[in-house]
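K.L.:
A single structure is presented below for examination.
The numbers here are math on the coordinates, done by the rules we state, and not lab data. Please read these numbers as outputs of a predicted model, since none were measured by experiment.
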């Protein structure tokens, strides 16, 4: 009887722990890629679905449906990234506007691609990237990984923004 009670308690603990925490890692992964031929800055961001829903739903009138985005949802995504993911070139803000997305439910991942920004990056320019995604919700356990490719100046740089270090400056 005691063995059955212990096994039941163990199973109950496993169920509670696995359903309480969807994933222990709190991170995002972003790519900023400059296309020299077309003079355009391409951007995308991968987030955990549940983290994104928790964060963005605080700013929307209704809960977002990542499987079937409405115009209101897309505007909410644009507004959200305007607040938490900023890119400036020579102190001029570049728009971060929704272009498309991909939902991978089985991996709990939502990938957002943003419209290309047509800009010429030249020697002497200054680029700043501020990424504060999910710091409000998760504080110090959140980190945001970023890969930056800006040829010929930056072949490929990898950065991590944290609650205390969320600005990435470049001077070309």
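K.L.:
Along its principal axes, what span do the Cα atoms of the stretch 78-172 show, with the longest given first and each in whole Å?
P.N.:
That gives 42, 30, 25 Å along the principal axes, largest extent first.
K.L.:
In µm²/s, what is D for the stretch 19-68 at 37 °C and 0.692 mPa s, where D = kT/(6 pi eta Rh) by Stokes-Einstein and Rh is the Kirkwood radius from Cα pairs? Each step should come with its number before you reach the end.
P.N.:
On the way: Rh = 13.5 Å.
Answer, rounded: 244 µm²/s.
K.L.:
Sticking with this structure for a sec: With runs of 4+ DSSP H residues as the only contributors, calculate the mean residue ellipticity of the chain at 222 nm using -39,500 (n - 2.57) per run, divided by the residue total and rounded to the nearest 500.
P.N.:
Working: 4 runs with 45 residues, N = 172.
-8000 deg cm²/dmol, from helical runs alone.
K.L.:
Please give the helix 2-20 orientation as an angle from the longest Cα principal axis of the chain, in degrees from 0 to 90, rounded to the nearest 10.
P.N.:
Helix 2-20 sits at roughly 20 degrees to that axis.
K.L.:
Need one number: the % of Cα-Cα pairs in the stretch 42-110 sitting beyond the 20 Å mark.
P.N.:
Values: 653 of 2346 pairs.
Of the Cα pairs, 28 percent sit more than 20 Å apart.
K.L.:
Could you tell me the largest-minus-smallest coordinate of the C-alpha atoms of the chain on each of the three principal axes, in descending order and whole angstroms?
P.N.:
Dimensions of the chain along the principal axes of its Cα atoms: 76, 33, 26 Å.
K.L.:
Which angle from 0 to 90°, rounded to the nearest 10, does the C-alpha axis of helix 71-84 make with the longest principal axis of the chain?
P.N.:
80 degrees
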